[in-house]
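S.K.: Have a look at this one before I ask anything.
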Amino acid sequence: MQLDAKIPGGPLETKWDRHRFDLKLVNPSNKRKFEIIVVGTGLAGGSASASLAELGYNVKTFCIQDSPRRAHSIAAQGGINAAKNYPNDSDSIWRLFYDTIKGGDFRAREANVYRLAQVSNLIIDHCVAQGIPFAREYGGLLANRSFGGAQVSRTFYARGQTGQQLLLGAYSSLMRQVAKGQVTMFPRREMLDLVLVDGQARGIVVRNLITGEIERHTAHAVVLATGGYANVFFLSTNGTGCNVTAAYRCYKKGAGFANPCYTQIHPTCIPVHGEYQSKLTLMSESLRNDGRVWVPKKAGDTRRPEDIPEGERDYYLERIYPSFGNLAPRDISSRAAKRMCDDGKGVGPTGRAVYLDFRDAIQRLGQPEIEARYGNLFQMYERIVAEDPYKTPMMIYPASHYAMGGLWVDYNLMSTIPGLFVLGEANFSDHGANRLGASALMQGLGDGYFVIPNTINGYLAGTKFAEVSESHDAFQESEAEVVAKVKRLLGIKGKRTATDFHRELGHILWEYCGMGRTDEGLAKARKLVADVRAEFWENLTVPGSAADLNQSLEYAGRVADFLEFADILILDALARRESCGAHFNEAFQTEEHEALRDDVNMSHVAVWEYAGEGKEPIFNKEPLNFEFVKLATRSYK
Amino acid sequence: MSSKSINLTLKVWRQQGSKAPGRLETYKAENISTDASFLEMLDIVNERLILEGKEPIAFDHDCREGICGMCGSVVNGRPHGPEKETTLCQLHMRHFRDGDTVVIEPFRAKAIPVVKDLVVNRSALDQIIAAGGFISVNTGQAPEANSLPVPKDKADLAMDAAACIGCGACIAACPNASAMLFVSAKISQFALLPHGRPEAAKRALSMVAQMDAQGFGNCTNHQECEAECPKGISISNIARLNREFIKAALASAEELPVAAKKE
Ligand SMILES: Cc1cc2nc3c(=O)[nH]c(=O)nc-3n(C[C@H](O)[C@H](O)[C@H](O)COP(=O)(O)OP(=O)(O)OC[C@H]3O[C@@H](n4cnc5c(N)ncnc54)[C@H](O)[C@@H]3O)c2cc1C
Ligand code: SF4
Ligand code: FES
């Protein structure tokens, strides 16, 4: 597998400008001769569809929900970063770049991350112009707050609904292009295969989720923006529809999958409470601005939190990481919570929870101010847990949240398949081994509004395209495969549901491939997952038919892909002989239980290549060269 | 959290497809933890139906935290169920009593027809947004973000309106099946912000025309929409829409758009 990242040479600050100058352009009147498929309408796909259509390309956009406005990005709460430096607190593009590289534990590409920091300010300008009601100060100017992993205030937000507002902005721009006829929208379609002609991505095969029909769609390029795979853990903060299917099917068609073992476990989620549970709810990280995290000093302390005197509480984040305190990055905070619970200091009915306490903030600022800042989050908590967090501390525990890993892309966001571009959470590009808060929204919109509209021109202008119609053999073959798979799922007629298999897979991964990993555990997980996979194809039951809306069938297909994908996730964890960011192999840790990187041998992107049914995937690597920052041990102490 | 188990009798609307006739079917929901959400209760019932070889109840959902607007059914006569400002996915079973009978039906309105069981087609709402629910700014055109200050109270009101999740409960609640609350929320958001003013008149005229073209009813001030809206969208937005519309119709040189088409 050729892994040329196509990073432009020269000074970091001017790489993007120079690259844009060097890329071939498509003449405005030629743009309408090109068709581009965008799969996904989250921040990445929504913004890409709108921007590409504004340029004059003919765009066909697909999503699985009934409306593009419902992509999972809608659920993002806390905010979006930008290097505006409005608070005058010494922020800069360089600092945002550096924080993001360091936050990713020096496992991301410098050039990509720098570009992200550069476009961050343009994103805010554009979103404000779209009418997004960001929080403002009394003077009418934009407000900022701080977020985990940063010592400056650079996060823009719209109450606790930043993702919703940003997505509705992208959606409104998208619908404007739908009205103009520049985008054709295909909701309730699930992409089930990528179609290659002469080695180029030339279309997709989708299932119409309402009629069950299999449809073929052609294009000159395919932009994949199908989100992350955190649901491989079954319980996660992601929406129930989030899946790895589209990305995984592209992997099987030859796209390299990068760093699948980098999965983020978010520290502040509402703890698990029952087997029937279908998802975990995130309590935004912004809460750690004012909430203090603690556990009782004594293991097995069952007193009510109010009854535990100050001297018997361990504010462990403030103790271990005095300079970042409760704002320590996610990977570090999550592991610290796990260690506390492993030591028997966990609280709540299951002992797998820690307190997030607002008592001091309420005393300092008054309840109305806390309400203004976090009202909707407190309400959400009370609805689920039936306890009032103004009176008693919240209980939180880490949960699977985000996928840093994803399809490998070069600087142009093109995968190893020519013409297949990958945006947003679905790619691996900018967050290294750990993502900082408020940077996924930035990346999704950066990719969609500002990167792809530039880089796709270079590909379209510089490539020869054969005439391809929907009756091309490659489409026939793809469709036949998709139909056969659907038939197979319906034909097993066993005794266990897809949910049941998915839950079992999640348990295995959470146990052996979650916050703390060991070689033995990972090897065991590989075997266990293989067993579940084998049983799945023998003992699954899917009711109904393929000829209409069949949610059980859709879901079973996604679980089948998760079961296969889990294998490369585990393989990747085994192959990474270090701990870095969210990947923590217990064999590689400092005396203080912090991740121990191996920059000499492990400073690379691990890229997995599909080798065929039943064969071991092939391992490739893209070395990471750090020319502009000095690799340092990541310390938040 | 103190959980117990309850047993319920469900009467659920089953309809094979948009043209098929539908009927209420009875199911037992047994041993439901009061900490489970309403959708998790349906999951449990569905798991059992699947194991009995029957088709599970189709219902839409995604985020399960009250923000995507995907879920929503009429529960005992009320869109999204009995709790104020709560989506169906955020409704917890602790609000029901052991032995209750719970009737679950789809949102009903001509403009948002049933697809299957509890799943409805709300694409008419997308059409209304396409007709004018945006600010015409291309990527790259925007001025510096702080160049146009927005009074905080205006920004807050715009945010209140922008919180609409597009679920359609207001339509299901309205005796006229009007989409006025939904439309007014979007119109208000932009009308309150200086960035949205240049197109305010055109937006009000086109979105209202599209709403009519999609077959939604008129607003005759029943206020059921506000009572059932899970996001607390206020009917003061409808008053603002009416002002914007009248202003636009009187003052605007533009004619009422005739282009509104039904999808
Ligand atoms: C609860 C929560 C809170 C968060 N808060 C923040 C925050 O405060 N700040 C921040 O920066 N980040 C946050 N994140 C992360 C961030 O929201 C996501 O990483 C980001 O929104 C992903 O955007 P996306 O466009 O890549 O994908 P998504 O928004 O997930 O969109 C995926 C799209 O692909 C479509 N799709 C998927 N599969 C298929 C298929 N097979 N066929 C067709 N279509 C398909 C879906 O329909 C959807 O339209 C949060 C995440 C969660 C879960
Ligand atoms: S106004 Fe309220 S009820 Fe109507 S669509 Fe919006 S959120 Fe739903
Ligand atoms: S499932 Fe998203 S609002 Fe209920």
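S.K.: Among A:LEU52, A:LEU12, which is the only one that is open to solvent by less than 10 Å² (accessible area, probe 1.4 Å) and within 13 Å of chain B (Cβ to nearest Cβ)?
M.R.: Numbers: A:LEU12 fails: within 13 Å of chain B (Cβ to nearest Cβ).
Of the residues listed, the single one that is open to solvent by less than 10 Å² (accessible area, probe 1.4 Å) and within 13 Å of chain B (Cβ to nearest Cβ) is A:LEU52.
S.K.: Follow-up. Would you please name the residue that is farthest from ligand 2 (Cβ to nearest atom), looking only at residues in the stretch B:156-167 that are within 7 Å of chain A (Cβ to nearest Cβ) and in contact (Cβ under 8 Å) with a residue 40 or more places away in the chain?
M.R.: As a first pass, look at the stretch B:156-167 and keep what is within 7 Å of chain A (Cβ to nearest Cβ): B:158-159, B:162-163, B:166.
Narrowing further to those that are in contact (Cβ under 8 Å) with a residue 40 or more places away in the chain: B:163, B:166.
Details: B:ALA163: 7, B:GLY166: 5 Å.
Per the stated criteria, the residue is B:ALA163.
S.K.: Check off (1) small (Gly, Ala, Ser); (2) surrounded by 18 or more Cβ atoms within 10 Å (Cβ to Cβ); (3) at pLDDT below 95 for A:SER603 and give me the number that stays unchecked.
M.R.: Against the list (1) small (Gly, Ala, Ser); (2) surrounded by 18 or more Cβ atoms within 10 Å (Cβ to Cβ); (3) at pLDDT below 95, A:SER603 comes up short only on (3).
S.K.: Condition first: within 14 Å of chain B (Cβ to nearest Cβ), assigned to a loop (DSSP other than H, G, I, E, B), among the acidic types (Asp, Glu) and within 27 Å of A:GLN77 (Cβ to Cβ). Can you find one or more residues in the stretch A:289-307 that meet it?
M.R.: no
S.K.: Considering only residues that are of a type outside the set (D, E, K, R), open to solvent by 10 Å² or more (accessible area, probe 1.4 Å), facing chain B (nearest Cβ under 9 Å) and over 19 Å from B:ALA142 (Cα atoms), which ones fall in the stretch A:131-177?
M.R.: A:TYR138, A:GLY139, A:GLN161
S.K.: Still on this structure, I have one more. With respect to the numbered conditions (1) in contact with a Gly (Cβ under 8 Å, 6 or more places away or on another chain); (2) within 16 Å of ligand 3 (Cβ to nearest atom); (3) open to solvent by 10 Å² or more (accessible area, probe 1.4 Å), which one is the sole condition not fulfilled by B:VAL103?
M.R.: Tallying (1) in contact with a Gly (Cβ under 8 Å, 6 or more places away or on another chain); (2) within 16 Å of ligand 3 (Cβ to nearest atom); (3) open to solvent by 10 Å² or more (accessible area, probe 1.4 Å), B:VAL103 fails exactly one: (2).
S.K.: Looking at B:ASN7, B:ASN46, can you tell me which residue is more than 16 Å from ligand 1 (Cβ to nearest atom) and not in a helix (DSSP H, G or I)?
M.R.: On the way: B:ASN46 fails: not in a helix (DSSP H, G or I).
Of B:ASN7, B:ASN46, the one residue that is more than 16 Å from ligand 1 (Cβ to nearest atom) and not in a helix (DSSP H, G or I) is B:ASN7.
S.K.: A further question on this structure: Can you tell me which residue is modelled with the lowest pLDDT among those in the stretch A:66-80 that are assigned to a loop (DSSP other than H, G, I, E, B) and touching a Leu at 6+ places or on another chain (Cβ under 8 Å)? Reasoning before the result, please.
M.R.: Of the stretch A:66-80, the ones assigned to a loop (DSSP other than H, G, I, E, B) are A:66-67, A:71, A:76-79.
Next, from what is left, pick out any that are touching a Leu at 6+ places or on another chain (Cβ under 8 Å): A:67, A:71, A:76-77, A:79.
On the way: A:SER67: 98, A:ALA71: 98, A:ALA76: 95, A:GLN77: 90, A:GLY79: 94.
The residue in question is A:GLN77.
S.K.: For the stretch A:64-82, how many residues are near ligand 1 (Cβ under 6 Å from one of its atoms) and either of a type in the set (Ser, Thr, Tyr) or within 16 Å of B:CYS164 (Cβ to Cβ) (or both)?
M.R.: 2
S.K.: I'd like the full set of residues that are open to solvent by less than 30 Å² (accessible area, probe 1.4 Å) and away from ligand 3 (no atom under 16 Å from the Cβ), limited to the stretch B:147-170.
M.R.: Narrowing the stretch B:147-170 to residues open to solvent by less than 30 Å² (accessible area, probe 1.4 Å): B:150, B:155, B:158-159, B:161-170.
Within the stretch B:147-170, B:VAL150, B:ALA155, B:ALA158, B:MET159, B:ALA161 meet the criteria.
S.K.: Follow-up question, since we're still on this one. Scanning for something acidic (Asp, Glu) and in contact with a His (Cβ under 8 Å, 6 or more places away or on another chain), does the stretch B:221-241 turn up at least one residue?
M.R.: As a first pass, look at the stretch B:221-241 and keep what is acidic (Asp, Glu): B:224, B:226, B:228.
Checking the rest, the ones that are also in contact with a His (Cβ under 8 Å, 6 or more places away or on another chain) come to B:228.
Checked against the condition, which is being acidic (Asp, Glu) and in contact with a His (Cβ under 8 Å, 6 or more places away or on another chain), the stretch B:221-241 yields at least one hit.
S.K.: Would you point out which residue out of B:ALA58, B:ALA36 is on the phi < 0 side of the Ramachandran plot, touching a Phe, Trp or Tyr at 6+ places or on another chain (Cβ under 8 Å), within 7 Å of chain A (Cβ to nearest Cβ) and among the small types (Gly, Ala, Ser)? Steps first, please.
M.R.: Working: B:ALA58 fails: touching a Phe, Trp or Tyr at 6+ places or on another chain (Cβ under 8 Å).
Result: B:ALA36 is the single residue among B:ALA58, B:ALA36 that is on the phi < 0 side of the Ramachandran plot, touching a Phe, Trp or Tyr at 6+ places or on another chain (Cβ under 8 Å), within 7 Å of chain A (Cβ to nearest Cβ) and among the small types (Gly, Ala, Ser).
S.K.: Next question, about the same structure. Residues that are at pLDDT 95 or above, more than 17 Å from B:PRO79 (Cβ to Cβ) and open to solvent by 40 Å² or more (accessible area, probe 1.4 Å): find the helices (runs of 4 or more DSSP H) completely inside the stretch B:181-263 holding 1 or more of those.
M.R.: Details: elements: B:200-213, B:224-228, B:236-251.
It comes to B:200-213, B:236-251.
S.K.: Let me ask something else. Does the stretch B:71-83 hold any residues that are open to solvent by 10 Å² or more (accessible area, probe 1.4 Å) and free of Cβ contacts under 8 Å to residues at least 60 places away in the same chain, and which are they?
M.R.: Selection gives B:ASN76, B:GLY77, B:PRO82, B:GLU83.
S.K.: For the stretch B:134-155, how many residues meet the condition of being within 8 Å of chain A (Cβ to nearest Cβ) and either in a helix (DSSP H, G or I) or basic (Lys, Arg) (or both)?
M.R.: Selection size over the stretch B:134-155: 4.
S.K.: Can you find a residue in the stretch A:494-516 that is surrounded by fewer than 17 Cβ atoms within 10 Å (Cβ to Cβ), in contact with a Ser or Thr (Cβ under 7 Å, 6 or more places away or on another chain) and free of Cβ contacts under 8 Å to residues at least 60 places away in the same chain?
M.R.: Within the stretch A:494-516 (the criterion being surrounded by fewer than 17 Cβ atoms within 10 Å (Cβ to Cβ), in contact with a Ser or Thr (Cβ under 7 Å, 6 or more places away or on another chain) and free of Cβ contacts under 8 Å to residues at least 60 places away in the same chain), the answer is yes, since at least one residue qualifies.
The values are calculated or read from the model by the stated rules, or taken from the named source; none is laboratory data. Note that the structure is a prediction, hence the values are computed from the model and not measured. A quick note on method: Cβ atoms are made from the backbone with ideal geometry, for glycine too, and the neighbour counts reach across all protein chains shown. These accessible areas exclude ligands, DNA and RNA; they are computed on the full protein's heavy atoms, side chains included. Shrake-Rupley method; radii C 1.70, N 1.55, O 1.52, S 1.80 Å.
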